[in-house]
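Asker: Below you will find the structure I want to go over with you.
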Amino acid sequence: MVTEIVTKVIDADAHVVETTRTWDYIEPSDQKFRPVLYQANDGTIAWKVGDLIRPTSFNLNKQQLSELSKKQGFDLNLSPEGRDLDDVGARLKDMDRMGVDTQIIFNSFWITKFTDDPRAEIAICRGWNRWMADAYKQSHDRLPWTCVVPVMSIPEALEELRYARANGSVGVMMRSIEGEHSLVDPHFYPLYEEAQKLDMCIAVHVSNGNPLVVSGMKSAHDRASSFYSLRVPTVGSSLVVMMSDIPEYFPKLRWGFIEVSSQWVPWVVKEVRRRERKLNRTMPEDLLKGLNVFVSCESDDDLPYVLSYAGEDNIVIGTDYGHTDISGENDAINTFRQRDDVSEEVKRKILFDNPKRLYGL
């Protein structure tokens, strides 16, 4: 029998789902860049920015959530108005039911690239950040968030980073590949320098911002294309970052690799060690801790095995609240609490201490 621990809980990965109302926060002069949501004849819902159309599967109503809950076998009946931040109070009530004190908010819109126009990217990022800043003010500090920045326009990205930090943001969400740039491209060094200065983390959420890679990995006959096009590049980006000079250039910058489970950590740690020997490099003995790298786990990960490679201080957990895909698990916290193969001390670290350090709370 497991004795339930009593500790504050930080949900390290929760989402907001953008609606047409989100873009009311775009400046009036930039409303021409406003994303448009529409439903095709086959029922497919998509966002349109300029000439780019991208399907989305997150905007479900209560009836659809109920039907999907029955189909998948676990509860997805969260409040659409809380998920969409139309009612921040409803969101907080959902959190109370889930046993969560704080949720770290990620977007749903930036999982893949949505525009090639730098002006549109600036306008949409600014609008989204101001939307989240407004919601944060209503949340009694319970909804810190990861901001989005126009990666094609670094001076404007730095401006957004400073605004976001002053309005409740604890990190900047980045995709595993940003257009033609990998995460270790010097193009991003000014962004990393400013994030380090502001004590914000770089939160690499499962994603891919290179349309050619995403489309090249999709097939009408593939039921798991998102694993190949989104998850695998996110895991790969962690290895690229750890093997780069970035930890030396920005020694206080924290990195989170979010919503790709943690089962891959032993593989990547072993790969780093092998390359360390081949390249005659010296890496920290406690690799993740020494490089300020954090990884979010799922409630059914083989944690004793993962922790033997990751250590106890750099694993966090999230519910993926707001999403209904393979990672969505509103009961993740309660399921994790009931595990009997993880000590109570380690549970406390994963539920609170580690995400507190990652997000600088």
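FYI, it's all coordinate maths here, none of it is from the lab. Model, not experiment: these values are computed from the prediction. Quick reminder, even Gly has a Cβ in these numbers, built from the backbone with ideal geometry, and neighbours come from all protein chains shown.
Asker: Taking every pair of alpha-carbon atoms in the chain, what share in percent sits in each 20 Å bin, from 0 to the bin with the longest distance?
Answerer: 30, 61, 9, 0
Asker: Placing +1 at every Lys and Arg Cβ and -1 at every Asp and Glu Cβ, with all other atoms neutral, what dipole size does the chain have around its Cα centre, in debye to the nearest 20?
Answerer: 340 debye
Asker: Largest first and to the nearest Å, give the Cα extent of region 79-212 along each principal axis.
Answerer: 43, 32, 24
Asker: For region 292-361, compute Rh as the Kirkwood radius over C-alpha pairs and then the Stokes-Einstein diffusion coefficient at 20 °C and 1.002 mPa s; write the answer in µm²/s, rounded to an integer.
Answerer: 173 µm²/s
Asker: Ordered by packing density, taken as the mean number of other Cβ atoms within 10 Å over each peptide's residues, highest first, how do 344-354, 307-317, 265-275 rank?
Answerer: 307-317, 344-354, 265-275
Asker: Another question, then. Rounded, prolate or oblate for region 134-290? Axes are the square roots of the Cα gyration tensor eigenvalues, ordered a ≥ b ≥ c, and the cut-off for rounded is a/c under 1.5.
Answerer: Since a/c reaches 1.5 but b/c is at least a/b, the shape of region 134-290 is classed as oblate.
Asker: List, in the order given, every pair from Lys270/Lys347; Lys113/Lys289; Lys252/Lys349; Lys93/Lys347; Lys137/Lys349 whose Cα-Cα distance in the structure shown is over 22 Å.
Answerer: Lys270/Lys347; Lys113/Lys289; Lys93/Lys347; Lys137/Lys349
Asker: If you place +1 on the Cβ of every Lys and Arg, -1 on the Cβ of every Asp and Glu, and leave all else neutral, what size is the dipole of region 234-342 about its Cα centre, to the nearest 20 Debye?
Answerer: So the magnitude is around 760 debye.
Asker: Another question, if that's okay. What does the charge count near Gly256 come to, summing +1 for each Lys or Arg and -1 for each Asp or Glu among other residues with Cβ under 12 Å from its Cβ?
Answerer: Summing Lys and Arg as +1 and Asp and Glu as -1 gives 0.
Asker: Given Cα positions, please report Rg to Rh for region 224-314, the hydrodynamic radius being the Kirkwood one.
Answerer: Answer for region 224-314: 0.95.
Asker: Still on this structure, please answer the following. Testing the spin-label approximation: label points 7 Å from Cα along Cα→Cβ at Val36 and Arg273. State their distance in nm.
Answerer: A separation of 5.6 nm, rounded to one decimal place.
Asker: Using a cut-off of 14 Å between beta-carbons, work out the net charge of the residues near Asn354 (Lys and Arg +1, Asp and Glu -1, Asn354 not included).
Answerer: After counting each charged neighbour, the total is +1.
Asker: Where does the Debye-calculated log10 I(q)/I(0) of region 282-331 sit at q = 0.19 Å⁻¹, using only Cα point scatterers of equal weight, no solvent?
Answerer: -0.68
Asker: Starting at the first residue of region 266-278, write each ³J(HN,Hα) from the Karplus equation 6.51 cos²θ - 1.76 cosθ + 1.60 with θ = phi - 60°, in whole Hz, x for Gly and Pro.
Answerer: x, 4, 5, 4, 4, 5, 4, 4, 5, 5, 4, 5, 5
Asker: Please list 3J(HN,Hα) in residue order for region 307-320, calculated via the Karplus relation 6.51 cos²θ - 1.76 cosθ + 1.60 where θ = phi - 60°; whole Hz, with x for glycine and proline.
Answerer: Karplus values, whole Hz, x for Gly and Pro: 5, 5, 9, 8, x, 8, 9, 9, 10, 10, 9, x, 9, 6.
Asker: Rounded to whole Å and ordered largest first, report the semi-axes of the equivalent ellipsoid of region 196-276 derived from its Cα gyration tensor (root of 5λ).
Answerer: 26, 16, 11
Asker: Sticking with this one: How compact is region 107-150 by the rule of thumb for globular proteins, expressed as Cα Rg over 2.2 N^0.38 Å?
Answerer: Rg over 2.2 N^0.38 Å, computed on Cα atoms: 1.26.
Asker: Please give the net charge around Ser308, taking every other residue with its beta carbon less than 13 angstrom from that of Ser308, where Lys and Arg add +1 and Asp and Glu add -1.
Answerer: -4
Asker: Give the share of C-alpha pairs in each 10 angstrom bin for region 127-192, from 0 to the last occupied bin, in whole percents, shortest bins first.
Answerer: That works out to 22, 49, 24, 5, in percent per bin.
Asker: Per residue of region 112-123, what does 6.51 cos²θ - 1.76 cosθ + 1.60 with θ = phi - 60° give for ³J(HN,Hα)? Whole Hz please, x for Gly and Pro, Karplus curve as stated.
Answerer: These are the phi-based 3J(HN,Hα) values: 10, 6, 10, 7, 9, 9, x, 5, 5, 4, 4, 4 Hz.
Asker: To check my understanding: the extent here is largest minus smallest coordinate of the Cα atoms along each principal axis. What are those three numbers for region 156-218, in Å, largest first?
Answerer: Per principal axis, max minus min of the Cα coordinates gives 39, 23, 17 Å.
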